[in-house]
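Just so you know, all these numbers are worked out from the coordinates, no wet-lab data involved. Source: prediction; values computed, not measured. Every residue, glycine as well, gets a Cβ built from its backbone with ideal geometry; the counts of neighbours run over all protein chains shown.
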Amino acid sequence: MRKFKIFLLSLLWLGSAQAEPGQLLTFPIGPGRPPSVSGSIDYRLNYEKEKFFVYRPRTYNPDETWGLIVYISPNDSCQSIPPGWDGVLKGNKLLFICPQGAGNGCEMRRRLGLGVMAALEMIQTHRIDPNRIYAAGLSGGARTAGKLGFMQSDLFHGTIQNCGADFYKAVPVVKATNFTDSNGNANYGVFKASQREIEAAKNNQKFVFITGRGDFRYGNISDIYEGGYQAEGFNCKMIDVPGMGHEDCKPSALQQALDFLK
């Protein structure tokens, strides 16, 4: 049945994919069940109404197995991949999907649910390597990706967090200078996670943080990385990019992240 679904989706998409590898679409079939459920995630979403931007490099072959990046944008609308990422996606055989309506103003449980739905829909409709499904994002989207690394570490096996990080408890303030979100509300980067989720993330997950000194969140991310993830023994890496601001990373940094996640 799953092979038949993949075949049908391939027929629907291949014609336009040859002209334009990125498409905004809804999925005609349900996402299937997640490996486990978390009380922090809203799984009760209507797959027939949710829209996703799907990017498949021109070298994509539906008979081959590819990895997947689920990207959470800080904006509700995201209909392109970050600049320069195409070559890296192609070289690493990675597909890319971004849920729409999942920006920084979206309620977190729904935002997480859209990330999970995106991954499950791609598993249903493409040949996806389950060990190469990564949660990524920018700013608030990166923070959401990090939470998926805890709440759904049996689905995602790595995060690529551009200019955004949180932790499940407060960390020592050493370099941080900014303690508000984009709306001026107090934000110290702490979220709730159960002991089971923490241990699962520590055992199953790799976390990558990408930032630079031009990023206004640089100090916060450095503190969270050093005083949180590193101090607590998580499998993690921080990529400090010279001159990088609050932006998506360049292809070279993305490749460094993927090399660590392998």
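Local charge for residue 64 was computed over the other residues whose Cβ lies under 13 Å away, with Lys and Arg +1 and Asp and Glu -1, and equals +3. Measuring max minus min along each principal axis, the C-alpha atoms of segment 120-262 give extents of 44, 35, 28 Å (largest first). With respect to the chain, whose longest principal axis is taken over its alpha-carbon atoms, helix 251-261 is tilted by about 90°. For residue 216 and residue 48, the FRET efficiency from 1/(1 + (r/R0)^6), where r spans their Cβ atoms and R0 equals 35 Å, is about 0.35. If the chain linking residue 190 and residue 131 were pulled fully straight, counting 0.36 nm for each residue of separation and taking away their Cα-Cα distance, it would gain 18.5 nm. Computed over the alpha carbons of the chain, Rg followed by Dmax gives 17.5, 55 Å.
Segment residue 65..residue 259, full-extension length gain: 68.0 nm, with 0.36 nm per residue of separation and the alpha-carbon distance subtracted. Considering only lysines 8 or more places apart in sequence, or on different chains, count the pairs in segment 75-214 whose C-alpha atoms sit under 29 Å apart. Lysine pairs meeting both conditions in segment 75-214 amount to 18. A simple spin-label model places the labels of residue 240 and residue 199 3.5 nm from each other, with each point 7 Å out along Cα-to-Cβ.
Available extension along the chain between residue 58 and residue 90 is 10.7 nm, counting 0.36 nm per residue and deducting the alpha carbon span. Measuring gaps between exposed loop sites in the chain (GluC sites (Glu not before Pro); DSSP loop; at most 11 other Cβ atoms within 10 Å), the longest gap, sites not included, is 108-262.
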